[in-house]
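For reference, the structure discussed in these notes is given below.
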Amino acid sequence: MARRRAACAGAAALLTAGALSATGAAVATAVPVVQVPPLAFVVVDLSPGIHAATVTASAAEKPGRIAFSTTEAGLMVCQMSAVSNAKVRIGWLGPRGSGVAEVAICAEAGKPTVVEADTGSGPVVMTTSMTGIGEGNFTTPGIGTFLAP
């Protein structure tokens, strides 16, 4: 009987923490990221614009794995030829080593918009930059950190 109560309490704790859905399937948990995002300064038809590519992270199904993505660029940004093929390059350093992930800022670009990385559990630091911006436009790099579950 005590064993059954402990199992029920453990399952309730997981449901409360958001690790499992009511059906028992794993649910992605957002990971807070402290960052200064990379910026793209673009000029299209003499109209200047700025796009901040904020990186988001969520816990993947396996512990120590993070799913990187960016906040989706708006329709207006994705229709600009200078930005439509842009990607955010994420260089990360975590407990399991380091790596690079690239995600597209526009889903229409045909490139992955979510990429998983095996960062390990613990503090992760990252540098970010935008690539694929058209000629005559420029970008500034970004930096950030988060605690991977």
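The values are calculated or read from the model by the stated rules, or taken from the named source; none is laboratory data. A quick note: this is a predicted structure, and the numbers were derived from the prediction, not measured. Methodologically, a virtual Cβ is constructed for each residue, glycine included, from the backbone with ideal geometry; neighbour enumeration extends over all protein chains shown.
If you check Val125, Val114, which single one turns out to be among the aliphatic types (A, V, I, L, M) and more than 23 Å from Ala82 (Cα to Cα)?
Numbers: Val114 fails: more than 23 Å from Ala82 (Cα to Cα).
Among Val125, Val114, only Val125 is among the aliphatic types (A, V, I, L, M) and more than 23 Å from Ala82 (Cα to Cα).
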Strands (runs of 3 or more DSSP E) enclosed by the range 40-106 - at least 2 residues per element that are in contact (Cβ under 8 Å) with a residue 24 or more places away in the chain and more than 18 Å from Ala117 (Cα to Cα): 47-52
Verdict on Ala86 being in contact with a Gly (Cβ under 7 Å, 6 or more places away or on another chain), surrounded by 14 or more Cβ atoms within 10 Å (Cβ to Cβ), at pLDDT below 75 and within 15 Å of Asn137 (Cβ to Cβ): no
Number of the exception - Thr131 against (1) under 13 Å from the mean Cα position of the chain (by Cα); (2) at pLDDT below 95: (1)
Residue in the range 112-128 that is nearest to the chain's Cα centre (by Cα), counting only those that are within 15 Å of Val100 (Cα to Cα) and part of a loop (DSSP other than H, G, I, E, B): Thr113
Count - residues of the range 11-51 that are more than 29 Å from Ser84 (Cβ to Cβ), at pLDDT below 85 and surrounded by 10 or more Cβ atoms within 10 Å (Cβ to Cβ): 12
Filter pass, Pro112 being farther than 12 Å from Gly91 by Cα, surrounded by fewer than 16 Cβ atoms within 10 Å (Cβ to Cβ) and free of Cβ contacts under 8 Å to residues at least 24 places away in the same chain: yes
